[in-house]
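The values are calculated or read from the model by the stated rules, or taken from the named source; none is laboratory data. Note that the structure is predicted; figures quoted are calculated from it, not measured. Positions of Cβ are generated from backbone atoms using ideal geometry, with glycine treated the same way; all protein chains shown enter the neighbour counts. Ligands, DNA and RNA are stripped out before the accessible areas are found, and what is left, the full protein with its side chains, is counted by its heavy atoms. Shrake-Rupley method; radii C 1.70, N 1.55, O 1.52, S 1.80 Å.
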Amino acid sequence: MKNFLTICCRELAHHFFSPLAYLTITVFMGVTGLVFWGAVRQTLGEPISPQLLLFHPSPLWLMIIAVSVAITMRLIAEEKHTGTIEVLLTSPIDEAAIVLGKFAGAFCFFLAIVAPTALFLVVLRSFSVGLNSPDLGKIAGGYFCLMLVGSFYISVGLLASALTRRQVMAAVLSFSAIIVLFFAGYFHHLFDEGPIRSILLYISIREHVSDFSMGIIDSRPVVFYLSSTALMLFVATRAVEARRWKQ
Amino acid sequence: MIKVTHLTKRFGKTTAVSDLSFEVGKGEIVGLLGSNGAGKTTTLRILACYLPATGGNVTIGGHDVFTDSMAVRKIVGYLPEGVPLYPEMRVIEHLRFTARIKGIHSRKERSERIHDVISACCLNDVEHRLVGQLSKGYRRRVALAACLVNKPEILILDEPTLGLDPAQRRQFWALLRNLSHPHTVLLSTHLLSEVENVCQRVLIMNKGRVVASDSPRNLAGTVTGGRRLSVELQAPREAAMKQLRAISGVTGLSCEPQGAWHKFLVETQSGSDVRQQIFETVVNNDWSLREIRSEHGTLEDVFVAVTEESGLE
């Protein structure tokens, strides 16, 4: 547990001591802010919940994907490239602690990036006349969904980073995998009722976000994201351990 | 402390280490020599639990590196060849991080250990500087300090002075010799002159095998077979050659003129000492003698001889 915290703290420190981190936060806030503003302008006068304006636009999710890939591409690939992985793996520290610590550090940084978007809702509320009080439960549902999706994307990125020593390759791998999963859910309407449609609906982020931001907490997507994240982390741990396997 | 038995490591069809066996006793400083691609780094990486072996056994401090690697990692300090460090960290932060991942979780103990290694490695002046801004010499010291922070019983150092200038190399070896805690050290290098001064024993590797193992002095003796004396005399060349060749135990003789003097290189049988007879010959003939000196082969001679020999096999 202590080793896990040590690795997690190092990752967080690495993120926050880098100017790139603040640039990432600024760009993310700028783009998502513009998207939110555009959505508000388009729906002026319509009875629509503000949390839907925040969580539904696709550009937000594309930014989430980009941020997840940017955060995770270096996690293990950089250690392999610089050779510091040799120091880590020859220290008395478990591979699982390395992987989980890096995941936790990256996830905390991800939360630090997305958390300020809550300010959009506060600003909207402050400058809107006659708007009903926001439903905090629904907003929390939306952010809960964002956390689940974020943890899954970060675990995919971490796995990609564990498979290669080149950060660019890790970014391409994780971006490809995440983008396929992201858009797969959009094509469920192309299929008639059946197993393929069910599977696409099951992994459709758009469907999950709609449910969560309307206050419907369905256990199936929760299980899907948590189990997928756990699977990715398990495989990433095995990928790091593989170096020690007897050949 | 370290026992390697029939160790083999293959990468695909390439055999990096082949049936390697050796032992290192407690407190010994042993040098692993070999040309590029001899298998030194692979061997050290297996010993440090970074790579698995294809075959054979390695035990360190009584623990098997394959089945009980966590116990081995607790007692081994490993310095990889490239000296990988986190350049964005300050020296003190790097040492704190290393101390934590090496299991020193008590804040007080951690501070004491970091203070000790900073003093031992002479890092006081740079402890708050970024690792990425340090010179190579200081980076090596930081890496060594990180190795020593948990007082490991065994140090495994892969090319610890690679890329350092002669003055920095000298400082590094002085540092290693002066470590207060007695360590068992296994190090690899291709700088033979340094090994002669630092190591009690040398293992010479070629093509994944140990081709020679002994103290540097004994190894140097093996390459010259017997003994070679350099004798500088003021004497008639032919007469001196005749008289010196007649001494029992002399197996070879050559002469180089040096102005009014001659330098005779006298080869003798292993175990025979003819210095007394040479001196008596000089006195009896009323010649002048200005030097009589034993010449030993160098470790470099040994290295070239054994690697060429094993290459021909």
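Things worth noting here:
- Legend: residue pairs A:102/B:40; A:2/B:26; B:3/B:136; B:74/B:207; A:80/B:136, Cα-Cα distance threshold 29 Å; pairs beyond threshold, A:102/B:40; A:2/B:26; B:3/B:136; B:74/B:207.
- Taking Cα centre as origin and charging only the Cβ of basic (Lys, Arg, +1) and acidic (Asp, Glu, -1) residues, the dipole magnitude of the protein assembly as shown rounds to 620 debye.
- Descending principal axes extents, the stretch A:2-246, alpha-carbon based, whole Å: 65, 46, 30
- Computed from the Cα positions only, the extents of the protein assembly as shown along the three principal axes stand at 126, 52, 41 Å, in decreasing order.
- Note on the stretch A:58-186: percent of Cα-Cα distances in each 10 Å bin, starting at 0 and stopping at the bin with the largest distance, equals 12, 36, 28, 16, 7, 2, 0.
- A:49, A:126, reordered so the largest accessible area comes first (probe 1.4 Å): A:126, A:49
- Cα centroid separation - the stretch A:49-92 against the stretch B:115-137, whole Å: 32 Å
- For the stretch B:4-90, alpha-carbon Rg relative to the globular expectation (2.2 N^0.38 Å, N residues): 1.15
- Accessible-area value, residue B:261, 1.4 Å probe, nucleic acids and ligands omitted, Å²: 50 Å²
- Dipole magnitude (debye, nearest 20) for the stretch A:2-246, charges at Cβ of Lys, Arg, Asp, Glu: 560 debye
- The C-alpha atoms of chain A define a longest principal axis, and helix A:95-114 lies at about 30 degrees to it.
- Peptide A:89-99 has a mean of 5 when you count, residue by residue, the C-beta atoms of other protein chains within 10 Å of its C-beta.
- Between 0 and 90°, nearest 10: helix B:107-120 axis offset from chain B longest Cα axis: 20 degrees
- Whole-angstrom gap from the stretch B:92-107 to the stretch A:212-247, using each part's C-alpha centre: 30 Å
- Å² per residue, accessible surface of the stretch A:33-185 at 1.4 Å: 41 Å²
- Longest segment of chain B lacking trypsin sites (Lys or Arg not before Pro) that sit in a DSSP loop with at most 13 other Cβ atoms within 10 Å: B:27-313
- Taken about its Cα centre, chain B carries a charge dipole of roughly 1180 debye when the Cβ of each Lys and Arg holds +1 and the Cβ of each Asp and Glu holds -1.
- Listed residues A:4, A:17, A:175 arranged by accessible area, highest first, probe 1.4 Å: A:17, A:175, A:4
- Which of A:77, A:39, A:140, positive extreme of dipole for the stretch A:2-246 (C-beta unit charges): A:77
- DSSP-loop GluC sites (Glu not before Pro) across the stretch B:252-307, with at most 15 other Cβ within 10 angstrom: none
- The aspartates and glutamates within cross-link reach of residue B:263, meaning a Cα-to-Cα straight distance under 15 Å and a gap of 8 or more places when in the same chain, are B:232, B:238, B:291, B:295.
- Inter-label distance, residue B:129 to residue B:8: 4.9 nm, where each label sits 7 Å from its Cα along the C-beta direction.
- Computed accessible area, residue B:19, all protein chains, 1.4 angstrom probe, square angstrom: 80 Å²
- In the stretch B:1-99, GluC sites (Glu not before Pro) in a DSSP loop with at most 15 other beta-carbon atoms within 10 Å: B:88
- Rounded to the nearest 10 degrees, the angle from helix A:167-184 to the longest Cα principal axis of chain A is 40 degrees.
- Paramagnetic reach from residue B:295 (point 7 Å along Cα→Cβ, amide N under 19 Å) across the stretch B:261-284: B:261-276, B:278-279
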